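I'd like to ask some things about the structure below.
Throughout, read-outs are computed from the coordinates displayed, never taken from laboratory work. Since the model is a prediction, treat every value here as computed from it, not as a measurement. For neighbour counting, all protein chains shown are included, and Cβ atoms are generated from backbone atoms with ideal geometry for every residue, glycine included.
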Amino acid sequence: MASKFFRLAAFLLFSLTIFAPVDLWAQEAAASTDSGLTSNSEAASIDSGLATDEAPVEESEPVDAVPAEEAVPKSPDYNSSRYEISAIEDAAEGKNYYITRDENNNFSFVQKLSWNKIKDIKNYRITIERMTDAGWVQVMEKDLFENKIEVSLEAGKYRFQVSVINLFDQLEKSSEWQNFEVLKALQPGIDNLQTDSLFLNKKKADGTFTLNGKNLNENTIFTMEKKDCEPPKILYGKVLSLSEDGSSAQVQFDISQVDQGRYEIYAQNPGGLSVISKTLHIKERNIWDFHILASAGYAFPIEVMGGYISKYRKSAIYPVSGATRITFMALHTKMGDLGLFAGANYSLLKAETKHYKFSGHYISALGGLAYQYFFKPKICLDIHGGAGMAWIMDANFTNNYTGQTSYSFNGTGLAFGGGLAIQYNVARHFYVEGGIDFVLAKFKDMNVGMACPSISVGGKF
């Protein structure tokens, strides 16, 4: 009788040992199903893993399980709701990557991958593949006991998959493949800014800046920041163009959102590597604001009136010539800038015929009013006109047969004229200019009218 009692007790104890865990697992599965699992698409796809802190995070559905027909054979304790695998982001960290620097000052990314934690399993298995010309190639497969891993990978396009290994050491469930991209960590640089001042009442100022530096690319984020206010003002720039070697970028900011003050322009590459430009001063321009423009270049005068000099030279063109002009701008309005100018043209009067040689010098100098209007941020129309003096100096003939030289003619006359030019601002203090002037000189016995096309380079001070 006692032996039967002990056999019955042993059977009941064995039944509890076998069936109780299964029932507990079933209850846990029902609880997890009721609670529902969600995932963060930013961390799930990892995307580039290089998003900035300000990048918005979008919500998405949990990662779907693989189809039932593709799943491995199930163990007796299998319950699909217990093995839903969703990638998540470390909320405490706020980022899914960080940057390291080696002894040679080279930067590299360390990618953080994580997913939802699952209880009562043996371990996780993560598989990482890289896209190559031959297709996806496995670069890592590793068993883990934690629901996260940090990996340092070369630049390229990747995908990862997480699988669950159950207590029976069987592959139980695998997530969908999640894509992400690793970019090379590059420190951007800004060597100079096209301008250090911006005037809000300049009619055509549109907030476009040219930044010269290094490692500027399509993933670089440009911001204009004013930090001496509360809260700090941050404007994001729109990239209009980039040089192929990453040494230059043209960036536009919304000028309507800018007020007076000191701003700094930042360039930030993926991963948070950033650089700051020189301080940019934004202010309302005073109506009186002085600056000087000086230019010099090649002129190509053509005698279009009179014909007295060209008669002896046998040509109306004076190829050996030059032009210079200084402009003092002072009055600034929304309709343009007004100031004064002083300019001069010089031509060498040299020619040779079968019978004689002719030589001499022609100089004209004018002063008057100047007007400038920026119809593009970098392009300015310059109109100027006034009066001055003109000189013909040391004009003489030399007989080719006898070698005798005539007396030199020297004349002085009043001059009137003006012209227009287009200036293109290549850099902050440097511009190129093309234009044409007309000067009418009245000498005692003759009038000389010159049209003077010219091309010049100049600077602003």
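What are the ³J(HN,Hα) couplings of segment 443-450, residue after residue, when phi is run through the Karplus curve with 6.51, -1.76, 1.60 and θ = phi - 60°? Round to Hz, x for glycine and proline.
These are the phi-based 3J(HN,Hα) values: 8, 4, 10, 7, 10, 10, x, 10 Hz.
Could you tell me which of the pairs K311/K354; K311/K350; K354/K442; K119/K173 are separated by over 22 angstrom between their Cα atoms in the structure shown?
K354/K442
On to the next question. Using +1 at the C-beta of Lys and Arg and -1 at the C-beta of Asp and Glu, which of V439, G368, G388 has the Cα lying farthest in the positive direction of the dipole of segment 319-461?
Positive-end residue among those listed: G368.
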